[in-house]
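Inspection log for the structure reproduced underneath, given as structure tokens.
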Amino acid sequence: MSTFFFVAFLLLVVSLAMLLYGLTKPVNLGSDPVDVNVEIAKENKRSLEHALASGDLTQEGFELELQQLESALANNISAAPTTAANSRGQWFAAGLMVLGIPLAAGLLYLKLGTPQAITAMAQQQEQQLVQQQAATEAGATNTMPPLAELLPNVEARLKENPDDLKGWKLLGRSYLMIGNFEKAVAASRRALELDDQDPDILAQLAESIAMQQEGEMQGEPIKFTNAALALNPNHQQSTWLSAIADQQQGEHRSAITKFESLLPAAQNDPRSLQSINEMLAVSKAALGEAAPATAQASEPTVAATAGSSITVKATLSDSIAPNLPDTTSVFIYARASSGPPMPLAVARLQLKDLPVEVTLDDSMAMVPGMNLSSFADVIIGARLSPSGNAIRQPGDWMGETAAIKVGTQDEAVTVTIDTQVE
């Protein structure tokens, strides 16, 4: 809003300056008209006196002509413009313009305009984004535009307002939600530049980088997680991420302690409670301990899915034709639909093998104790990686299924590679 009023004020000043210059600038009228008339009258008088002296004009004629000359001079002087009077009139008019134009414009704007419209667009976009996030998280359907379609508008607004901390946090969280981890990291880093004392931002950045690294918490993710916990030891998202990092390092006792500390706050959130109990089950199983009672009651349970496997048929969409060698790496994987982002089982093949059918099972776990048998619901994915890197990167091609329940498939699960990673 301040930018709008500054620009409007600047335009008003420039317009008034141009008008005032034309109104008050000095006008060169040449010699003073009064002086000119007096000189002409003097010259005429001298001519009359010469005519009288030479006898060409009588005394009576001289006096009559002189009287007419003086009368004409008086009329000319009274009709001549006065510079001082005109100058006062010009400045009076200028004063009316300086005061009247801004006042009239302001009154008209308040009467006929919409001052709130200056920020209405940005506020509406942000409100839509928040509502879309809430609907997505709740699994609701509505007629609002998809979240991905709103984000470019938010990005454009943030380019004009680069110090909008709330906007950058929201943008990073939104990109994290839709799986665009590269942009989630960029937005979260900008938010961190604006406020490095906010544990929410630190945790959000840690999670975004971890997702870029296929769930790997080592490096920057654990660094930012520890920084968030230093600011707030009870920060729930950071505690969750720290517990996952402990699991990856085989420190299951520490992971169990951290997961259990999250249980009281999750009692009224069945989805979060299930995720915590599933992770507790993984660490307890790694230590040879019984799973929590709530986890044992989940469907299906750890015991029920023990030794589970999923057959996957991976294909390449006919609509894409990546110009890549036949030896390009293909990763087929299963990951928890809610819980740790790292794959629970992975098979590595090559582009020439597609279409292919493989079976994912507990022997393909990346982290001991964190396998298919430990989770009720998983997502199956396949990724074509030109770099051969196990971590998803821009330029990769991939496809994923919706969440499926482990151990309930009678047929192979089909996943199609059809989307390029940005």
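The values are calculated or read from the model by the stated rules, or taken from the named source; none is laboratory data. Every value quoted in this text rests on a predicted model; they were computed, and no experiment measured them. Virtual Cβ from ideal backbone geometry, glycine too; neighbours counted across all protein chains shown.
Just so you know, in the range 229-240 the residues that are out of contact with any Ser or Thr (no Cβ under 7 Å at 6 or more places or on another chain) and part of a helix (DSSP H, G or I) include one that is surrounded by the most Cβ atoms within 10 Å (Cβ to Cβ), and it is W240.
In the range 321-422, counting only strands (runs of 3 or more DSSP E) that sit wholly within it, the ones holding 2 or more residues that are closer than 16 Å to M211 by Cβ span 329-336, 377-385, 397-400. No other residue among A255, A243, A314 is under 35 Å from the mean Cα position of the chain (by Cα), outside any loop (DSSP other than H, G, I, E, B) and either modelled with pLDDT of 85 or more or in the same structural domain as T359 (by TED's automatic domain parsing) (or both) apart from A243.
I need a count of the residues in the range 204-244 that are of a type in the set (G, A, S) and more than 26 Å from D396 (Cα to Cα). So the count comes out to 6. Note on the range 217-228: among residues that are more than 24 Å from the chain's Cα centre (by Cα) and surrounded by fewer than 21 Cβ atoms within 10 Å (Cβ to Cβ), the one that is modelled with the lowest pLDDT is Q218. The residue that is modelled with the lowest pLDDT, counting only those in the range 365-390 that are surrounded by 15 or more Cβ atoms within 10 Å (Cβ to Cβ) and within 16 Å of Q350 (Cα to Cα), is A390.
Hey, among D163, D198, which residue is farther than 23 Å from P394 by Cα, modelled with pLDDT of 80 or more, assigned by TED's automatic domain parsing to the domain that holds G215 and surrounded by fewer than 17 Cβ atoms within 10 Å (Cβ to Cβ)? Among D163, D198, only D163 is farther than 23 Å from P394 by Cα, modelled with pLDDT of 80 or more, assigned by TED's automatic domain parsing to the domain that holds G215 and surrounded by fewer than 17 Cβ atoms within 10 Å (Cβ to Cβ). Residues in the range 331-363 that are among the aliphatic types (A, V, I, L, M) and surrounded by 23 or more Cβ atoms within 10 Å (Cβ to Cβ): I332, A334, A336, M342, L344, A345, L360. For A148, the requirement of being of a type in the set (A, V, I, L, M) and at pLDDT 75 or above is not met.
Restricting E207, E214 to residues that are in a loop (DSSP other than H, G, I, E, B), modelled with pLDDT under 95, crowded, with 19+ Cβ neighbours inside 10 Å and not hydrophobic (A, V, I, L, M, F, W, C) narrows the list to E214.
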